[in-house]
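Quick notes on the structure that follows.
Derivation of every value follows stated rules applied to the coordinates shown; laboratory data play no part. Predicted model only: the values in this text are computed from it and were never measured. So basically every Cβ, Gly included, is an ideal-geometry build from the backbone, and we count neighbours across all protein chains shown.
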Amino acid sequence: MPVTFAAVRKFALSLENVEEGMSYGTPGFRVGGVLFLRFHQDGESLVVRTDFEQREELLAADPGSYYITDHYVKYEWILVRVARVHADASRDLIRWAHKSAAAEKRRAPRRKKRAGR
């Protein structure tokens with residue numbers, strides 16, 4: 001069963017410490033300030049954080065649901081056709097993206113404050 005943008009939004013907001021805001025003019029979702037999911041400007045796809053290994057597996061397993069454009073070739077993101085992807089698969093991918101973004105926030109070094117600020 002395909003998903004809807006409303007269902008994606010509801011699921012994303014159910015995850016721990018998620019904040020909704022705008023990203024490239026579309027609704028996006030962050031954990032600890034790190035983007036892990038946004039709606040694509042085409043109005044038909046999601047942009048989901050991934051890694052290169054998982055992305056290649058998804059593209060090989062279901063090229064009808066998952067794809068990338070030239071813009072994303074060098075970035076660890078995947079595009080997901082909302083009308084084609086199964087709800088369980090989208091939730092699993094979004095959950096993984098959330099976990100990955102949360103871990104990145106914990107790994108990120110803190111910036112030192114400059115004197116006088």
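Points to keep in mind about this one:
- Evaluating 6.51 cos²θ - 1.76 cosθ + 1.60 at θ = phi - 60° for every residue in region 42-47, the Karplus couplings come out as 6, x, 10, 9, 10, 10 Hz, glycine and proline recorded as x.
- What the phi angles of region 68-82 give under the Karplus curve with 6.51, -1.76 and 1.60, with θ = phi - 60°, is a coupling list of 9, 10, 3, 4, 8, 3, 8, 10, 8, 9, 9, 9, 10, 6, 4 Hz, glycine and proline written as x.
- q = 0.09, 0.10, 0.16 Å⁻¹: log10 I(q)/I(0) that the Debye formula gives for the chain, counting C-alpha atoms only: -0.25, -0.30, -0.72
- Between 0 and 90°, nearest 10: helix 87-107 axis offset from the chain longest Cα axis: 20
- Surrounding net charge for GLU44, when Lys and Arg each add one and Asp and Glu each subtract one, Cβ distance under 14 Å: +2
- Principal-axis analysis of the Cα atoms of the chain puts helix 52-61 at an angle of about 10° to the longest axis.
- Between 0 and 90°, nearest 10: helix 5-14 axis offset from the chain longest Cα axis: 40
- As a length-normalised measure over Cα pairs under 8 Å and 6 or more apart, the relative contact order of region 5-107 settles at 28 percent.
- Amide H contacts of SER23: GLY28, each under 5 Å away and 5 or more positions distant or on a separate chain (H built 1.01 Å from N in the peptide plane; Pro and chain starts excluded).
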